[in-house]
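Let me begin by presenting the structure, written as structure tokens, before commenting on it.
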Amino acid sequence: MIIELGHFALILAAFTALVQAVVPLIGAHKRWPGWIAVAEPAARIQFLLTLFSFCALTYAFVVSDFSVRLVALNSHSLKPMLYKVSGVWGNHEGSMLLWLLILTLFGAMLSWFGGNLPPTLRARALAVQAAIGLAFFGFILFTSNPFLRLGVPPFDGEGLNPLLQDPGLAFHPPFLYLGYVGLSMAFSFAVAALIEGRVDAAWGRWVRPWTLAAWIFLTIGIALGSWWAYYELGWGGFWFWDPVENASFMPWLLAAALLHSAVVVEKREALKSWTILLAILAFGFSLIGTFIVRSGVITSVHAFANDPERGVFILAILAVFMGGALTLFTARASSMEAKGVFGMVSRESMLVVNNILLAVACFVVFIGTIWPLVSEIFFTRKLSVGPPFFNMAFTPFMVLLGIVMPVGAMLPWKRANIRRAMRPLVPAFVFALALAGLAWSLQTGRSLLGPVGLFLGAWLVFGALVDLMTRTGRGAVGRRLARLGRLPRADWGKALAHAGFGVTIFGIAGLTAWEQEDIRVAYIGQPFTVGAYELTLNDVREVQGPNYVSTMGDVTLSEGGAVVATLNPEKRVYPVKSMPTTEAAIDYRFLRDVYVVVGEAQNDGGYTMRTYIKPLTNWIWMGTLLMALGGIFSLSDRRYRVAAGARKTSAKGVPAE
């Protein structure tokens, strides 16, 4: 009965979305307050109905109701509870329901916290949000219904993909979807502003918090996925330029560009057309990512589905919303006149450079991702585009971005003197250069990657610190340090995000340049050396897990004769799926990881073992967490909350009695 109620709630939510998409839009056009007011309760009702539907599906997974087709295909009675719950979104249908739940959540949040927006703009934004929801309600109900029943329920389910039975993958999709779907708010604001024909500083202030929230969630989601790939897949990498990885990375790049361009709209009322276009494209690339993951047109280990019918439906949604938004953008382009003028050397100019680099980098990733499909369709040739292409084509833009970011943060608005702005950065530049020289002299090889990465990382980190200190004014060092705590949170957020980007660059460069790898047949009781470490395979035994059987190794890791750690790499087999997985054993340290994988038994009694010494790996995820933390600091700044800005305006506008 609960399943049928969940299905019925989903249908009611679709009808609510239809009302919300039509009535407020007409009301805003006719200036009918009653019709405009429909948007807010409709958004809340739509969210509550979708939440009930999602909870009904979750209930079916928790109680192992195998009469529900989706539960039978993606769950098992012996699964731990965490993976029963995460199994709700560990499949195509359930993940799309989560997608819709988050979409309606953002609409409800706009109705709750957007009370200080102009009523017509809020109504139009909620109508656009509902139109997106309506399209995906139709997609789920007609092609991907999660509530289908089986005539003859099986005794037990088929289980969840073993690769998804991991804490990292349990939380990775929700964060990623919060980012993906969160960009729909920037899209809705952009289309609403185009309909009204007005883009001004207030619009830039309103769109920034929503974009920033989406960017934060995308950052965390991508980091979780990268970390999971590192420790779970057994190949020791953190990024493979897989099409589905790229599908999340492209919106992240455009969202970062949108954040910076929206600052220019807010502060200087310039770059209006470009900012609107970025808002449209950022969500457009989220839809492209959805198409890649669910259509099967591009092969990926991460893909949810391989169904042409679903792919055509998503492609139609993409064409309607992107085509409609871009057509409206073309029609309204003349009304978005830029008011602020700025010189060639100014913060605005550097933000333009920032946007160009991020947009072109996104375009490079897009071309590399879809080129195999283009080649097969138009040239009847099958080919693959791998990491070498992306590393060579993408890296130069990130290097340039890393160079200009500290400079751009120091320049004043409108026009600047480059020498005066660069003077405080000279010590940071010299120190970063000295660290690069030290790395060059100490490393055994002649690769430039390590020293260049160290220079860029140090330049970004120390540049962010210098930027913070210059905002404390002049005076004694003690007083300036005391003023740091009184700086706006947005200043701290920007510094943390830029420094986090530097830490991530340094981690990637250090890992790529200085990693050591050893592959051999190891014998029980016979030690071997990798780099500065000695490893001994002591034993290999069978271990029974809750829903798997494991072949577990026992490896002693020593350095200088002292035992550092005992590692237990595994090869697991899940009987329900008859699928093996590799569980690497990792000794995590601040400056390096030792990564061990045990392989198949050999005829002579040995076991294949792969060992990696991975320097600075954890710095990659520390950097991403710093970036996300910087976004959270900025989001918590009262100046960027619409309500706070409106209260100021209201207070100034009340006449004295």
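Values in this text are rule-based calculations from the coordinates and carry no lab data. Everything quoted here is computed from the prediction, not taken from an experiment. Backbone-built Cβ (ideal geometry, glycine too); neighbour counts: all protein chains shown.
Inter-part distance, segment 367-392 to segment 493-513, computed on C-alpha centroids, equals 29 Å.
Among the listed pairs Lys272/Lys494; Lys79/Lys614; Lys30/Lys339; Lys571/Lys614, a Cα-Cα separation exceeding 27 Å is found for Lys79/Lys614; Lys30/Lys339.
Take every pair of alpha-carbon atoms less than 8 Å apart whose residues are at least six positions apart; their mean separation over the length of the chain yields a relative contact order of 11 percent. Whole-Hz Karplus values for segment 67-79 come out as 6, 7, 4, 5, 5, 4, 7, 10, 8, 7, 5, 8, 5 Hz, taken residue by residue from phi with 6.51 cos²θ - 1.76 cosθ + 1.60 and θ = phi - 60°; glycine and proline positions read x. In plain terms, the residue of Thr617, Thr624, Thr143, Thr327 with the fewest other Cβ atoms within 10 Å comes first and the most crowded comes last, giving Thr327, Thr143, Thr624, Thr617.
Its residue count N sets the reference 2.2 N^0.38 Å, and the alpha-carbon radius of gyration of segment 516-617 equals 1.09 times that reference. Its Kirkwood hydrodynamic radius, worked out from the mean inverse distance over all distinct Cα pairs, puts segment 25-84 at 14.2 Å.
By the count of other C-beta atoms within 10 Å, a proxy for reagent exposure, Trp371, Trp206 are ordered fewest to most as Trp371, Trp206.
Over segment 1-165, calculate the relative contact order: mean separation of alpha carbon pairs under 8 Å at least 6 apart, over the residue count, as a percent. Intermediate results must be reported in sequence, preceding the final value.
Values: 253 pairs, mean separation 58.7, N = 165.
Relative contact order here is 36 percent.
Counting only Cα atoms, the size of the chain along its three principal axes is 90, 75, 57 Å, in decreasing order.
Under 5 Å between amide hydrogens, built in the peptide plane, is the criterion, and for Asp593 it picks out Lys614, Leu616, Thr617 among residues at least 5 positions away or on other chains. Counting every other Cβ atom within 10 Å of each residue's Cβ, Cys362, Cys55 order from fewest to most as Cys55, Cys362.
Please sort 149-155, 555-561 by packing, taking for each peptide the average over its residues of neighbouring beta carbons within 10 angstrom, highest first.
Peptide ranking by packing, descending: 555-561, 149-155.
Contact order for segment 495-562, expressed relative to its length and based on alpha carbon pairs under 8 Å spaced 6+ residues apart, stands at 21 percent. Calculated mean residue ellipticity, 222 nm, the chain: -22000 deg cm²/dmol, from DSSP H runs (n ≥ 4) at -39500 (n - 2.57) each, averaged per residue and rounded to 500.
The alpha-carbon of Lys267 sits under 17 angstrom from the alpha-carbons of these aspartates and glutamates, leaving out residues fewer than 8 places away in its chain: Asp200, Glu337, Glu348, Asp491, Asp637.
Could you order peptides 156-162, 130-136 by the average number of other Cβ atoms within 10 Å of their residues, highest first? The partial results should precede the final answer.
Working: 156-162: 20.0, 130-136: 23.9.
My ranking of the peptides, most packed first, is 130-136, 156-162.
Considering only C-alpha atoms, what is the centroid distance from segment 573-621 to segment 308-347, in Å? Spelled out, the Cα-based centre of one part sits 46 Å from the other.
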